[in-house]
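Asks: To start, I am sharing the structure in question, which I have written as structure tokens.
The values are calculated or read from the model by the stated rules, or taken from the named source; none is laboratory data. Just so it is clear, the structure is predicted and the values come from calculations on it, not from any experiment. Please note: Cβ atoms are built from the backbone with ideal geometry, for glycine as well, and neighbour counts cover all protein chains shown.
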């Protein structure tokens, strides 16, 4: 991925302002260590920090149309750029960059081209002919983006909050699946898939169609699995879903919130080291296919041998050409923090215990009235965050509320016992960890491929373990 920063319509167009924008852009250098670019037209600045993936020799940004009247800075990858180039045969392309198609699509279709893009992206496009601009973010929000407004009426758009938090009067998360237009004076949703209504689809489940969807996903670079738990109801609290209607509504809500959680984590964790993570489960066509499945097939039914994400696992269960060994394919769902060992979590808790006193916790609601930390570990994270982002706008970009094993408030509705647990770790879901995978509930076809060796699973507290 790359890093973009745009400052549009600012009152100051002096050399000092240009220097300031360059200084702020360098805060995003980790996202794009290969190249830095800047374009200024009057009171508008578009800067770019590039991680060269496609056309590393000539794809430097910002990018332009033929006469340079259209300027665009992009963070992301357009997977169908070759097909789009074929549709734009009347245009002359300056580079081999996948993102150059955006400038020419705008020439052909105006603002109504975003849904033609298959990929993950955030971009700002400046039309110098009338000094108008648009900005857009991909459907799910795989690439991060923030928007802010300066006291002089300027609009700021940045890949990360650190690019604008010191210079904006107010800023917020740029909503995924939206377009911001200076001509329209605000946001417009461009992504409206059928599942957004949260109504259960009437299309029957077709495992062959799901398998074909996987086969079409040709990706490279670092591949990450963000989205699968949200789409297929993989989190442990989905064991408590009372019916398919509730499960479907919750999966829809989880997908809509991905840009604030898993997508943000995956993108920033890899971009911090100049790497790119691609997320095949969040392909638009794949999501639409997976969300059209009758959610009854996503219900976790140990009595029928259906563990979490059963549909997904079944799509890869091929006896003749197995993709994965059975003991991996049907392995119990675990959070990252639990899968690497509870000692990591306990180390963080011990660090927090030594740095946050009981008195500090008793005053937490006065020090942090918004999203008050409820644990010493959360208090530690909050102190670090506000050291770098003290503005109220920054605080409001972070969602709050209790969470156990990646759950939402729905978990408490489905099972009241979740409300009394403040541990966000997956191990807090003890009822699921201890009882949902009794061997007798698993079908013989699964048992045949799993290891018969007992394994030790640590639960509840360090030093306490059960044999399974």
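Asks: Would you point out which residue out of 114, 173, 134 is crowded, with 17+ Cβ neighbours inside 10 Å, more than 21 Å from residue 41 (Cβ to Cβ), touching a residue at least 24 places away in the same chain (Cβ under 8 Å) and in contact with a helix residue (DSSP H, G or I) (Cβ under 8 Å, 6 or more places away or on another chain)?
Replies: Details: 114 fails: in contact with a helix residue (DSSP H, G or I) (Cβ under 8 Å, 6 or more places away or on another chain); 134 fails: more than 21 Å from residue 41 (Cβ to Cβ).
Result: 173 is the single residue among 114, 173, 134 that is crowded, with 17+ Cβ neighbours inside 10 Å, more than 21 Å from residue 41 (Cβ to Cβ), touching a residue at least 24 places away in the same chain (Cβ under 8 Å) and in contact with a helix residue (DSSP H, G or I) (Cβ under 8 Å, 6 or more places away or on another chain).
Asks: Among the residues in segment 310-317, are any more than 28 Å from residue 244 (Cβ to Cβ), assigned to a loop (DSSP other than H, G, I, E, B) and in contact (Cβ under 8 Å) with a residue 12 or more places away in the chain?
Replies: Taking segment 310-317 as the starting set, the residues that turn out to be more than 28 Å from residue 244 (Cβ to Cβ) are none.
The answer is no; no qualifying residue exists.
Asks: So residue 267 passes all but one of these: (1) part of a helix (DSSP H, G or I); (2) under 19 Å from the mean Cα position of the chain (by Cα); (3) under 21 Å from residue 408 (Cβ atoms). Which condition number does it fail?
Replies: For residue 267, the exception is condition (3).
Asks: Failed condition for residue 393, given (1) within 23 Å of residue 161 (Cβ to Cβ); (2) part of a loop (DSSP other than H, G, I, E, B), with all others met?
Replies: That leaves (2) as the condition not met.
Asks: Looking at segment 111-155 only, could you name the residues that are in a loop (DSSP other than H, G, I, E, B) and at positive phi? Please lay out each step first, then the result.
Replies: Going through segment 111-155, the residues in a loop (DSSP other than H, G, I, E, B) turn out to be 111-113, 117-118, 128-131, 138-145, 150-154.
Within segment 111-155, 131, 141, 153 meet the criteria.
Asks: Take residue 332 and tell me if it is in contact (Cβ under 8 Å) with a residue 60 or more places away in the chain, outside any helix (DSSP H, G or I) and either under 28 Å from residue 248 (Cβ atoms) or assigned by TED's automatic domain parsing to the domain that holds residue 239 (or both).
Replies: Details: in contact (Cβ under 8 Å) with a residue 60 or more places away in the chain: yes; outside any helix (DSSP H, G or I): yes; either under 28 Å from residue 248 (Cβ atoms) or assigned by TED's automatic domain parsing to the domain that holds residue 239 (or both): yes.
Criteria met by residue 332.
Asks: Also, I was wondering about something else. Mind counting the residues in segment 83-105 that are without any contact (Cβ under 8 Å) to a residue 12 or more places away in the chain and part of a helix (DSSP H, G or I)?
Replies: Taking segment 83-105 as the starting set, the residues that turn out to be without any contact (Cβ under 8 Å) to a residue 12 or more places away in the chain are 83, 86-87, 89-90, 93.
When the remaining residues are screened for being part of a helix (DSSP H, G or I), the result is 83, 86-87.
Result for segment 83-105: 3.
Asks: Specify which of the listed residues (77, 108) is in the same structural domain as residue 48 (by TED's automatic domain parsing) and not in a helix (DSSP H, G or I).
Replies: Details: 108 fails: not in a helix (DSSP H, G or I).
When all the criteria are applied, what remains is 77.
Asks: So residue 321 passes all but one of these: (1) part of a helix (DSSP H, G or I); (2) surrounded by fewer than 12 Cβ atoms within 10 Å (Cβ to Cβ); (3) in the same structural domain as residue 266 (by TED's automatic domain parsing). Which condition number does it fail?
Replies: All conditions are met except number (1).
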